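Okay, so here's the structure we're looking at.
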Amino acid sequence: MLADPPIDKLLEKTECRYMLACGVAKRARQLMQQNPEMFRDDKVKPLSVAAKEVYDGSVVIRKD
């Protein structure tokens, strides 16, 4: 379960939950492809990194 950043704060960055889930999952896949060694151990999870990027504003989820 994702605790940080809080889901309600992430939802402020998108139009709906579905868009948030798809966008964060897509970014997590990109991170895994770009740097798989970063996620070899279980300390850092790609989904958490992707969610933090959305929360920080370094990644913007937009409707395509």
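Laid out as a table, the results:
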item: Subset of the stretch 41-64 [within 14 Å of Asp4 (Cα to Cα) and of a type in the set (D, E, K, R)]; result: Lys45, Lys52, Glu53, Asp56
item: Count - residues of the stretch 3-30 that are in contact with a Leu (Cβ under 7 Å, 6 or more places away or on another chain), among the aliphatic types (A, V, I, L, M) and either in contact (Cβ under 8 Å) with a residue 24 or more places away in the chain or more than 10 Å from Ala51 (Cβ to Cβ) (or both); result: 4
item: Selection count, the stretch 1-38, where residues are farther than 14 Å from Asp56 by Cα and in a loop (DSSP other than H, G, I, E, B); result: 6
item: Test: residue in the stretch 46-59 that is surrounded by fewer than 13 Cβ atoms within 10 Å (Cβ to Cβ) and outside any helix (DSSP H, G or I); result: yes
item: Qualifying residue in the stretch 49-61 (condition: on the phi > 0 side of the Ramachandran plot and at pLDDT 90 or above); result: yes
item: Selection within the stretch 23-45 - exposed (fewer than 10 other Cβ atoms within 10 Å of the Cβ) and modelled with pLDDT of 95 or more; result: Gln33, Gln34
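The values are calculated or read from the model by the stated rules, or taken from the named source; none is laboratory data. This structure is a prediction, so every number in the text was calculated from the model and none was measured. Note that each Cβ is placed from the backbone with ideal geometry, even for glycine, and that neighbours are counted across all protein chains shown.
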